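Worksheet for the structure shown next.
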Amino acid sequence: MTGTLSTSGTSSMLGKLSNLGMVFLAVAVLLSVPDSFAQKQLKEILVFAGAGMQSPLDEIGKKFEERYGVKVIYDYEGSGRLGNKILVGQSPDVFIPGSEKWARILKEKGYINDYTPIAYHTPVIITQKGNGSIGSLHDLADLNNRIVLGDAEAAAIGGPSTEILKKAGLDESKMNIKARGITVKQLVLWVEEKNADASIVWRADAVQSGKVKIIEIPEKYNCINMIPVCQMAKGNDNAAAPDKSNVTDNGTGSQWASRYISLVLSDEGKGIFARYGFEAAK
């Protein structure tokens, strides 16, 4: 007797064939993606940078993207936190801490090849405009004044602040310190919003704020810090910046990182830092 195929059996078989067809279609689409698309997906670099350099670095990143079609992704945070991220395995293409401390640590441990100064950070005291209770470094010891300082482990300004106070003979344990900030931007904001009377921050951040009064720290007490740009140790091809002719659309991440470093260290890059209140390196 000739058998017949039931309607339900036919539907089930067609359904399986349809699903199989969708799988083959998906594979075909993936295989047909052009190499140029894959390359475009790779055309970005990750830069770890101290929060105090956000304004000049954002401008440099925009210029780099316009010039080369490579997007610069920034992770802005306290230099200590960024340095520890690298120590636990995170790997940016470029590292720009707010002081030389973390550049030295990471070079000694083999995480970076070398570093070069971009500019210099100069610590200053800030308070609200019109606040007459803060006029000098020693006014920070007045218990009537609420002080906020950078965290020595998280913020690049933390270590220099401690050293400045020590040089001036001021005991932090006897000061009215209300909080420790993890970035210099946080310290500036606290003073701007009158949550504190004074802080020690980088001059560039005080200049960019425009809302605070700047009080100079005597040279004999001050601790000027170098801002380095660090070449990550990802292989020999990252040891030096390539010629422009070597940087092509299918260049490696290390080549783009080297080109980015070249822009940061150029007269153009240093000029951008200078416009935001930094002392550019010679």
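The values are calculated or read from the model by the stated rules, or taken from the named source; none is laboratory data. Only a predicted model underlies this, so the values are computations on that prediction, with no experimental measurement involved. Using ideal geometry, Cβ is built from the backbone for each residue, glycine included, and neighbour counts are taken over all protein chains shown. Note: accessible area is taken over every heavy atom of the protein model, side chains too, but ligands, DNA and RNA are not part of it. Shrake-Rupley method; radii C 1.70, N 1.55, O 1.52, S 1.80 Å.
Over region 79-218, what percent of the accessible surface lies on carbon and sulfur atoms, probe 1.4 Å?
47
Need one word for region 139-189: rounded, prolate or oblate. Basis is the Cα gyration tensor (sqrt eigenvalues a ≥ b ≥ c); a/c below 1.5 gives rounded, then a/b vs b/c decides.
In terms of gyration-tensor shape, oblate.
Along the charge dipole of region 47-163, Cβ charges K/R +1 and D/E -1, which of HIS121, LEU82, ASN144 sits furthest on the positive end?
LEU82
Sort GLU279, GLU172 from largest to smallest accessible area, using a 1.4 Å probe on the heavy atoms of the protein chains. Please list the in-between numbers first.
Working: GLU279 95, GLU172 40 Å².
Sorted descending by solvent-accessible area, the residues read GLU279, GLU172.
Mind scanning LYS85/LYS107; LYS167/LYS220; LYS62/LYS234; LYS129/LYS211; LYS109/LYS166; LYS85/LYS166 and naming the pairs with a C-alpha gap bigger than 18 Å?
Too far apart for the 18 Å limit: LYS62/LYS234; LYS109/LYS166; LYS85/LYS166.
Quick check for you: with a 1.4 Å probe and neighbouring chains kept, what is the accessible area per residue of region 48-129, in Å²? Show your work: numbers first, answer last.
On the way: 3240 Å² over 82 residues.
Result: 39 Å² per residue.
Would you grab the residues whose amide H sits under 5 Å from the one on GLY181? Only those 5+ places off in sequence or on another chain, please, with H modelled 1.01 Å from N.
LEU149, GLY150, ASP151
If packing is taken as the average number of other Cβ atoms within 10 Å across a peptide's residues, how do 186-199, 103-116 rank, most packed first?
Put in order of decreasing packing, that is 186-199, 103-116.
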